[in-house]
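The values are calculated or read from the model by the stated rules, or taken from the named source; none is laboratory data. Note that the structure is predicted; figures quoted are calculated from it, not measured. Neighbour counts are summed over all protein chains in view; Cβ atoms, including those assigned to glycine, are modelled from backbone coordinates with ideal geometry. Ligands, DNA and RNA are stripped out before the accessible areas are found, and what is left, the full protein with its side chains, is counted by its heavy atoms. Shrake-Rupley method; radii C 1.70, N 1.55, O 1.52, S 1.80 Å.
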Amino acid sequence: MAPNPDHLALRDLALAIAAERPDTQVVLYEELPYLWHGSADDAVAELCDSRDLVATPWSEQVDTDAKFARLRAYTSQMPVMDTAGRLLAARHLPTRERYWLLTPSSRPTPS
């Protein structure tokens with residue numbers, strides 16, 4: 001699945017602002033429907049290499065029932081996001097979401 005150009009533009013804007021503001025942190029995350037098409041690890045590594053950044057990954061447990069309830073608010077987007085019908089029940093949602101904290105490679109990464 002090709003990334004949404006609006007999402008990439010916003011990401012690039014956030015990174016440009018963060019580069020000028022050392023007190024600003026940028027976090028990337030894998031979201032539906034992208035995560036169904038493979039890991040974002042390679043894309044994050046490529047982004048970091050091109051911008052001299054370091055990515056610190058982590059994951060979080062998802063409350064799938066709460067996520068499902070929030071997704072139901074996007075009824076106009078569901079047919080585009082979910083052509084396979086995977087969002088028709090909370091049990092089909094991933095139980096973990098992945099994130100990456102981006103920091104300049106010249107600044108120590110948080111422990």
Members of the stretch 40-56 found to be open to solvent by less than 70 Å² (accessible area, probe 1.4 Å) and farther than 14 Å from ASP12 by Cα, listed by number: ALA40, ASP41, ALA45, VAL54, ALA55, THR56
The listed residue being closer than 25 Å to VAL27 by Cβ, out of contact with any His (no Cβ under 6 Å at 6 or more places or on another chain) and touching a residue at least 40 places away in the same chain (Cβ under 8 Å), out of ASP63, ASP82: ASP82
Unmet criterion (only one of (1) in contact (Cβ under 8 Å) with a residue 40 or more places away in the chain; (2) in contact with a helix residue (DSSP H, G or I) (Cβ under 9 Å, 6 or more places away or on another chain)) for HIS92: (1)
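Residue-by-condition table, conditions (1) within 30 Å of SER106 (Cα to Cα); (2) assigned to a loop (DSSP other than H, G, I, E, B); (3) open to solvent by 60 Å² or more (accessible area, probe 1.4 Å):
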site: ALA18; (1), (2), (3): yes, no, no
site: GLU31; (1), (2), (3): yes, yes, no
site: LYS67; (1), (2), (3): no, no, no
site: ARG72; (1), (2), (3): no, no, yes
Number of the condition not met by MET1 [criteria: (1) modelled with pLDDT of 80 or more; (2) part of a loop (DSSP other than H, G, I, E, B); (3) in contact with a helix residue (DSSP H, G or I) (Cβ under 8 Å, 6 or more places away or on another chain)]: (1)
